[in-house]
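Below: the structure, in structure tokens.
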Ligand SMILES: [Zn+2]
């Protein structure tokens, strides 16, 4: 199969999967018919197609544009072949999510897709732990075994391709990301911020009324929901406020009709927001199920960063640069937007916070940021063990609980060991995105001043210099080109320290 035909078929396949996933995850369809899509595209997922992708990858001159595209295409080929073997399990999970309910000891029955929202909004510690207890039982009975089987089959399928020795080395070869280097950076970050974290966590938990040794992950959901600020972040004006912010930085929030907002409540909609590019750049969906208050604003901004990225990608770029590449890049654009919530002048301009409350909010934003980065550092360290094959599957839940609790100070449940995990080391993308957004933000400040987010020249620059490029470049390359800096945790640590002193 020649490259042009492969690209055309691969794009059509990716679009079909994206559309089906959007419909199922947004609650518009009660099931996802993924297997039939894989059957329709058997020709591009054949053994011959894989051999050709490997050959192209090995033949391309080092550091050439061909090598860049060939590696992306091989990574896509591997993901899609593995995806085909997992499609039946994914269909079962979607059906379970739609039909699933949890039964709380007091008799309440809550749809599985609403549980995270209800826990975050519960102001009563006994109540949210009761809901979480019921959730954990449902997870243990149905979701955890399914995910464990998925992980085992994913690891076997990747290793059977023989691209490198083991799952982790294959990921490194295909993504160009060194797990060893990033894990070492995570260890250092955890170590360097340990004292700062302990002191701020003690202070916050005291104010929240939960003793340090007893705080659970369910408590953390309610803690970071920050309901005390709800009046400053009204749900009814969220969309118009964010549209105004976009307009002031010279951007159209809908990319002249290419982006659709799907932000209302709907049974069956996943509680975790997502952006679904169904055709890049022409048809992009931003999907959000409201939780309430500031967390919706942050989530909307995050998904808007993705949507504007995909909706403004150059239409003349090949499939690989529009659809594939290093997702750390799109995650960093999403964070570039959601991190406006960490800026005093932004908060005072677009939300109901006055100067005094903005300071209190910023300290909490620093606390939340530190928690999230530490949690993701821990997740990566755990996932490296999951996929290494060096640890027995039965031993993993205890390791999960130990690593996550040590990094965050919250108690975790063994039942979540295979649920609280995005496959294919997606955590590496978030971690590098945190690094890149800090570097990009500093670059934007140099170019357009502290309030670049309301400078009408900034939006068009972001579109032409960042968004239009799709994901042709890696996160490290984007950082160097846009800001002349190597990505690392250093600027992020500085930012967190200054937030905590707000
Ligand atoms: Zn994201």
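Every number in this text was worked out from the coordinates using simple rules, so none of it is lab data. Since the model is a prediction, treat every value here as computed from it, not as a measurement. Heads up, the Cβs are rebuilt from the backbone with ideal geometry, glycines too, and the neighbour counts pull from every protein chain shown.
Summary of values
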{"item": "Förster radius 35 Å - calculated FRET efficiency between residue 442 and residue 35, Cβ distance, rounded to 0.05", "result": "0.15"}
{"item": "Segment residue 63-residue 402, length gained on full extension (0.36 nm per residue, minus Cα span)", "result": "117.9 nm"}
{"item": "Förster-model FRET efficiency, 56 Å R0, residue 451 and residue 28, C-beta, rounded to 0.05", "result": "0.90"}
{"item": "Overall form of segment 362-467 per C-alpha gyration tensor (a/c, 1.5; a/b vs b/c)", "result": "prolate"}
{"item": "Scattering profile of segment 294-425 at q = 0.11 Å⁻¹ [log10 I(q)/I(0), Debye over alpha-carbon scatterers]", "result": "-0.58"}
{"item": "Simple spin-label estimate for residue 265 and residue 152 in nanometres, 7 Å along Cα-Cβ", "result": "4.0"}
{"item": "Packing-based ranking, highest mean first, of 323-331, 350-358, 451-459, 305-313 given that Cβ atoms within 10 Å are counted", "result": "305-313, 323-331, 451-459, 350-358"}
{"item": "Three-way shape label, the chain, alpha-carbon gyration tensor, a/c 1.5", "result": "rounded"}
{"item": "Global form of segment 140-270, assessed from the alpha-carbon gyration tensor, a/c cut-off 1.5", "result": "oblate"}
{"item": "Calculated FRET value between residue 477 and residue 385, using beta carbons and R₀ = 25 Å, to 0.05", "result": "0.25"}
{"item": "Antiparallel bridges, percent of DSSP beta bridges restricted to the chain (to nearest 5)", "result": "60"}
{"item": "Additional length obtainable on full extension of the chain from residue 2 to residue 240, 0.36 nm per residue less Cα span", "result": "81.0 nm"}
{"item": "Per-peptide average of other Cβ atoms within 10 Å, ordering 177-183, 463-469 highest first", "result": "463-469, 177-183"}
{"item": "Euclidean distance between Cα centres, segment 443-495 to segment 163-209, Å", "result": "23"}
